[in-house]
Structure formats: C-alpha cells, structure tokens
1. Convert 25 °C to kelvin, take the viscosity as 0.890 mPa s, use the Kirkwood radius over C-alpha pairs of the protein assembly as shown as Rh, and evaluate the Stokes-Einstein diffusion coefficient in µm²/s, rounded to a whole number.
2. Could you state how much accessible area is buried at the C-B interface, both sides summed, with a 1.4 Å probe, in Å² to the nearest 100?
3. So what is the accessible area of chain B per residue, in Å², with the probe set to 1.4 Å?
4. How big is the C/A interface in buried accessible area, both sides summed, 1.4 Å probe, to the nearest 100 Å²?
5. Tabulate in residue order the Karplus-calculated ³J(HN,Hα) for region B:348-357, using 6.51 cos²θ - 1.76 cosθ + 1.60 with θ = phi - 60°, rounded to whole Hz; enter x for Gly and Pro.
6. At a Förster radius of 60 Å, what calculated FRET efficiency corresponds to the Cβ-Cβ distance of B:Phe31 and B:Ala647, to the nearest 0.05?
7. Calculate one ³J(HN,Hα) per residue across region B:104-117 by plugging θ = phi - 60° into the Karplus curve 6.51 cos²θ - 1.76 cosθ + 1.60, and present them in order as whole Hz with x for glycine and proline.
8. Any idea how far apart A:Ala126 and B:Ala591 come out in nm if each label point goes 7 Å out from Cα toward Cβ?
Amino acid sequence: MNVVHHNAAGSGFLSPTGVEITFVLVGLVVLGAALVTVTTRQLVHAALWLVVALGGIAVEYLLLTAEFIAWVQVLIYVGSVVVLLLFGLMLTKAPIGRSPDADSENRWVALGVALAAAGTLVWVVADAFRSTWIDVHPANGPGATAVTGSSLFRFWVLPFEALSVLLLAALVGAIVLSRRRPEGRDR
Amino acid sequence: MTLTALAALVPALPFLGAAAGLLLGRRAPGFVRPLAVLPTATSFVLAAIVAARQGTGPATDAAHRLTPTGSVPIDIALHLDGFAVLIALLVGLVATCVQVYSLSYLRDDPRYPSYAAVVSLFTAAMLLVVYTGDLMVLLVGWEVMGICSYFLVGHYWETEAARAASIKAFLVTKLGDVPFLIGVFALAADAGTFRITGILSTASAGGLHHPTVIALLLLAGVAGKSAQFPLHTWLPDAMAGPTPVSALIHAATMVAAGIYLVARLLPVFTASAAALAVLAAMAAVTMIGSGLAALAQDDIKRVLAYSTIGQLGYMAGALAVGNRDAAVFHLLSHGAFKALLFLAAGVVIHAAGTNSLTAMSRMGNLAKRVPDAAWTMGLALAALAAVPPLSGFFSKESVLRAAEHAAQGDTAHVPAAVGWTVLVAGLATAVLTGAYASRLFLLTFLGSGPEAPDHGKQPVPMTAVLWVLAIPTVAFGGLAYRRLPDWFGGAPLGPTLTTGVLGTALALVGALAAYSAWRAVGTTRAAVPLGAVVENADADVEPALVEAEAIATHKEVYGDIAAADDPGDPGRLLLGPLHGAAAHGFRLDAAYGALFVRPVLAATSLVRFLDREVVETWVKGAAGAPNLLGAAVRKAQTGNVQTYLGALLAGAVVLAVLVAVGG
Amino acid sequence: MHLIYPAVLAVLLFSIGLYGVLARRNAILVLMSVELMLNAVNINLVAFDRWLGDGLHTGQALTLFTITIAAAEIGLGLAIVLLVYRNRGSSDVDRLTDLADPGRPLPEQRAPGGTAAGDEKAEATA
C-alpha cells in the first residue's frame, strides 16, 4: 500500500507518463497480434503472430520491471512453446496457405461470449481500479533477478521442487501418448 | 374298528388315492391304475360295511372340534343315518364302476393319471358331503366337487365345446353357490351352530327367524348343483366331458348333492310354505321342459342329460311335497340306472363312431355289434320310463304317491296346490319320459341302413360294469320299497293302485306315440340319408378318442351341437312346431346371453374403452411431455466441446454480471 | 503507472483467447488461444504483484509456475492432439462428437484402413 500513492501526485489519469505511453503502444501491438492469431486463415501465420504477441507481452513484463519473468517468457514461450506448436501443425499436416474452414460454425456464439466477457470484465476492472497506481521505478526493485531468485529458493523451494516432479510426469506422459505402438499390440 | 372310524375312512381313502395318484402319476405310471381303482373299491366295500352296521338303528353322531373358530363353532362331524349310508353306498358303487370302466375307456389317454386322481378326489368330496354332520364341512366337499367337475368336463380342453362347457358349468354352479353360502351363514346365525342336528332341532322348534329367506337362498345353490330350472343350462353342455365323467358327476353323484342337502335340511324348508311352492314350481317347470327338450336332442348324451334334469325334477318335486323318503328312494334307483345309461351310451358311441342319433338311425345292426349295451340300455330305459317291475317304477310311484297324498291335503305344512302341481307335472312328464326313452332306443338300436362299422369286441371292463349296474336297475326298487321305510324311519313307499296304473299307462302312451311316430317317418328316414361316422376308427383306438372326435365334429357335420336337421326324427313329428325351441333348450341360453352376458360384455367394452382411450391418454400424456422435453434437451447434446464450453462461459458471464450488479 | 492499463490489457487478451478457444476449428489453434489466455493471467499476476509488493513476491513466483505448467500443458496437449489425429485422421475439434446424443446419425468416420494410411504419411512427414 505504501507504493500506491507514491507518485500519484505527479501523474494523472489524463497525463500519462512515458512508461505508460510505451505500455499502451506495446499493448496495442500485442492485442493486434493476438487478434490476427485467432482470426487468420493461415495456420502457420497464426503461430508466427503468436510469437509477436508473446514477445510483446515480454516487453510489457520489462515495462513492469519484472525482468526475470520477461526473459523466462522469451525463453520458454517464444523459444520452445511456439516451436512445439509449429511442430504440431506440421505433424498434423496443417495446410500451408489459406484454409477456408479454420473457424467452426459457432464463431458468432464465440464472438458474442467473448465480447460479453470483455465488456463485463473491463467494466468491473475499470470500476475497481479506477484510481490505483503502481510504482514501477524503484532501483533494485522486486523484479530484479537476484531478488526473484532468492525469494524463489527461500520461500518457494518446496513448490518449485514439486513442480519439477510435475514436469517430469508431463514429459513421461507426452512420450507415452505420442509413441507409436507396435502393430498387433494395440491397447 | 368302530363304526365312526370306518365311516371316516370311506371319504379318506379316495382322497388319499387322489393325492398319491397326482404325486406319482408321472414318476410311477404302473401305480396309477391300482391307485385309481383300489381306494375307490375299498371305500365302496367299507361303505357297504358301514351301511350294514348302521342298519336301521338310530342315527350315529360323532364330532370332533379341532380348534375354536369364533362365535359359531365348526366341527369335524359325522352323521350316519339311513339316507347317508345308502347314498354313500350308491356313490361308492357308481364311482367304482366308473373307475373300472375308465380303465378301458381312457386306456391310452396321456392325461389318464390326473383324470383318475380328479375322479377319486371327486368321489371323496361327494362321500364327505354325504357323511358329514356339519354344514361347513359339507360346504368344503360341495365346492371341491364344483372344481373337480370343472376339470373333468374340460378334460378334452383341446376342443372349443369342452372349454366353453367347463367354464359354463363352473360359473353357473358358482352363481348358485354364492346365495347358498349366504344362506348357510344365515341358517347358522339363526341356529347358533353349523351342526345339522342342531339346525334341525332349532327348525322343528320354530327357532328360525327368516325361514323363507334362508330356504330360498339355499334353493339357489341346490338349483345350481342339481341342475334345476333356471340354473340347469350347464348340464347338457357338460356332456362335452368323457362319458364316464357324465355317468359319475352328472347322473349319480354331484347333481344328487343338491337333492341330498334338501333332504337333510327338509324341516328348514317345510317351515316355509313359500319355499315349498317355489321348489314345486321349479320342479314342475324343470320336469316338463326337460322332457320336451330331451325329445328333440340329437346327441345321445344330451338326451340322457335332459332326462337327468327331469328325474332330478321328480326328486325336487318329492321334496316339495315334504317327502324326503321318496326323493332319496328315487335318487338311489335313478343313480343306478342313469349311470348305466351313460356308460352304455359310451359303448354305443364307441361302436357307432358317432354321438348323433340321426346317424345311428341310419345304421343297421348296431344292436348286434354291442349286444351287452343294447340289452342293458334297454332295461335302463325301461326303468327310466317307469315300466314295472323295474326299480324306476317303484321309486317314481313313491314320488307320485307322495304328491297325491299332498294334493289331498294330508301332508302337514304342505299346501294342496303344491301337491297338485307336482302330481300333474309328474304325470305329464311320465308321458314325455316314455316317449323320449322309446325314441332313444328305437333310433339307436333299431336303425336300418348300411352295417355299423365293426370295431371288434368291446373291452370286458366296460361291458362287465354294465351288467353289474343292471342288477340294481332291475331289482333294487322291487326289493327295497318294503324295507326302505325302516331305514328312513318314514311312511311306506310302495305303489298305490291309482298312481301306479295311471303312471304306467301314461308312460306306455308316450312310448306308443314315439313308436308310431317312428314308424310313420320310417320311409322318410330311409329316403334321406344323413350322417357322418368317424372314419378311421379301428378296434385299437381308445374309445374316449372316438367320443372326443365325435364331439368335435358334431357341429360341423350337423350344423348344431344339440340338433340335427333330420326329417326322419320321430321327435320332430311329435313336437311339431315346438321342436326347434326344444332342441335348443327353449332358447334359455340365448335369453341368458341377451339378459346377462351381453350387458356384461357391453360393460366390459365400456370399461375397456375408458381404459384405452381415457386413462391411457393421460398415461401417454404423462410419458409424452417428458419425451418432448427430453427431445428439446437432447438437441443441445451435439457432442461439440466448443458448444458446451461456449454455453458454460456464457453462463459464467451472466453469473458474474448478476453478482456484480446485485453485489 | 496506472494499474488500469495492464488490467485492461489482460482482460482484452483473455477475451481474444476466449474467442479463439471457442471459434477455432483446428485443435492446435485452440491450444494457441489457450496460451493467450494464460498469458493474460500472467500479466495480471505480474501487475498485481507490483501493486501489492509483498515480501514473498507471490505474484512473480506464481507466474513462473504458470509458465512452467503451461509448457507442460502444451507438451501434453500436443501429444493428445497428435494421437487424435493419428486415430481419426483429423484434428478438428468440432468433428470429435462421439459423445453426441445418438438420436441423430453420427458424423461419418474414417475407415480404420484410412487411419493407418494417414499414420504412415504423418510418420513420413515427421
């Protein structure tokens, strides 16, 4: 709470700072890329636009002074997840080029639900956090890698180790699922 | 052994035989025949011993109360007097004869074990009715007889006629039994006991509060059981059963139960002049109507059935004039010669291959094929027509004498009009009896035409039984009429000059009329060949099969179950325009159908309509509404995960909005 | 910085992901949309972590866990999609309607032989 009104006096809702302008601009890029991702008819392009969106989110993390998260985002999402998705597209013989049936019939229902959800959530969020500010300028702030690392291995070490077991299980599961069974020994 | 123990054994033995027969019938077929004949024969011998030891002495009573049963106690009671022991003797004799006869008659029947067991059970029930001294125990035997009769009449249940007849016999007798049961309860409520001795002492002391109601209720049951008008219609149809069954049930025993009951409870009936009048009217209508109907029947067994109804009418008439000695006397002699008539008819049907008198009248030499049956049947028919000195003459004269006595106003409690009714009806029936007995004999045995088919010699058990029964047919009446009053403790039963001469003369008139009519239409008969004979009936075929086939084919050959369209029938000439009505029992069945059956059927179709159209509509609606709802909900089950998820999230959004707005 | 910027960005990104999950036909595109939704949550976590600033850094630790689990999820999800594709010859979500009400005829399915051939090709392509 001590951070909330730290520099509230210097910045108003209608007088954005440079960080805020950058954040909004990058956010628009992220949203645009995400929109293209979910609407494009070219499946491979969708994956590539996803890279843009995820990278933009990494930039947003940096702007929020969460540098460790930002690099993890770049490493894991942009580096591995999207590559995995591209492999998946390739293995399921996704068509290269425009595919007319990329969207299913209930896209209008989906649009309605999504718009309703967006409207509701925006309204609620705007209503709740109309006058809330965060301080994004402390040097060696909580987003610094050293701080994050020490907190992770001091307070969160048990969930961290448990997570490694979960990852191992997921790894084994993925291998078992995608392995080809020998003929005649199906199930 | 004491007299009581012996008497208790008499009904118990056939009962045990029936139980053993039913249990062992399938597993040990070798025991079935001994189990059928021996217990019945033993019980006949025991009944004879009981009769001899009881003799003319005072009535023997023994009772044992198993357990207290409410306000009116029920006892296992025996009551032995002259009536009981003599009727038990008759039942034992006829049952034994029938069992022996059935050995040959149903020798190849696959259902013989159950048949013999049910006959034994029936015999046991009848003996129980005869010996018991308690109305409730009597009722048990009474109802067991009803159900056994149902099974036995429906023995050939493959044929439509037998099925219908068995159900009809059961329903009609039950129709009488319901008021009978109420009457028994009312009687016991008035007398405070079910013991017959107690009831009789109450009745003679004038202790009955509603004698007329009770007597009429009891009469309904008696009319059902003893086939008296208007509940007699089941008896002719019951001839769809095997011949031995007809002989046992519908001639000598079961129908005798009603008469026997009235005889036992006669003081209850004499307490009400109205009941006697009703009984007399019933008897008179039954006698004359059945005599006319018998003259028109084509089926030999239906003739005998109607004659049974008529003779039972004589007994009922004797009871109506307050003379149970005469009634029981006639019951005894009639039981013997009617059983003989039925059994002989079975032999004749076997030999002729048909049960139609029309067909037999066009068959030469039937008498030579079955001489035993011809002789014994002739004797029995003469006894039926009351030709002296056969037993039927003496017993019928005792009835007429009692009626004449009452008509003179000499019998206490009995109005003279009742006596006159019975006397006139009895004399008129004597004419009819003579006529139909002669017609039956002439058509059966004196036919002319192609030779009767040769089925070889009749089985010895069947013919021997005929001669055994011929002995009481001939001699019983003449020997017994002087001694029976000692047994019954009543007035003399011998014939008087007036009624004797009158009755015999009238019977001869009837016989002569039938004979002259028979001669008159002889040429017509020769000119119109009619008749169908069961074809492939060779000597080895079981007699019962021949009869079953004859019953099954009678309708399609002659167009009617009761009558054949035969211009050479003397009955047709004698009856004139009445013939058609008489052949169908004066359309009583049709009247009952219109009065009772059709309204009931209409009511059931109304109920069925209500059930199908109204109730079922609601049921269908109750099922249809959820069905429609289900169809609507089913539309949502597309299997598409995205649709489900879309609906889920939309719902979540709606909930979130509600919470946000409401909160 | 005003908290409303990251919050609204997260909301909009989440809604776009929601639309993608509900509207896309290809299962892999659905998985991509799921990633978008997860990232929207991550943005929220980071932003509110900055706002609260508690000593445990709960939000950032949870973001790391989410990213890790998302990686595991994408691996398993792709394995499942591959399996479905091998068995049915298609990775279209709206054709996996075996749990539909059987009152209407089921959508036609590929013959087993065709599936095997598809497997061969998929393997060869891989």
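1. Rounded, D is 67 µm²/s.
2. In total, this chain pair buries about 900 Å².
3. Per residue, chain B has 38 Å² of solvent-accessible surface.
4. Values: alone 9160 and 14400 Å², together 15740 Å².
Summing both sides, the interface buries roughly 7800 Å².
5. Rounded to whole hertz, the list is 5, 4, 5, 6, 7, x, 8, 10, 9, 5.
6. Efficiency at R0 = 60 Å is approximately 0.15.
7. 8, 5, 10, 5, 9, 6, x, 9, 4, x, 5, 4, 5, 5
8. Roughly 10.1 nm, to one decimal.
The values are calculated or read from the model by the stated rules, or taken from the named source; none is laboratory data. No experiment lies behind these values; they were computed from the predicted model shown. Neighbour counts are summed over all protein chains in view; Cβ atoms, including those assigned to glycine, are modelled from backbone coordinates with ideal geometry. Calculation scope for accessible area: heavy atoms of the full protein, side chains included, ligands and nucleic acids excluded. Shrake-Rupley method; radii C 1.70, N 1.55, O 1.52, S 1.80 Å.
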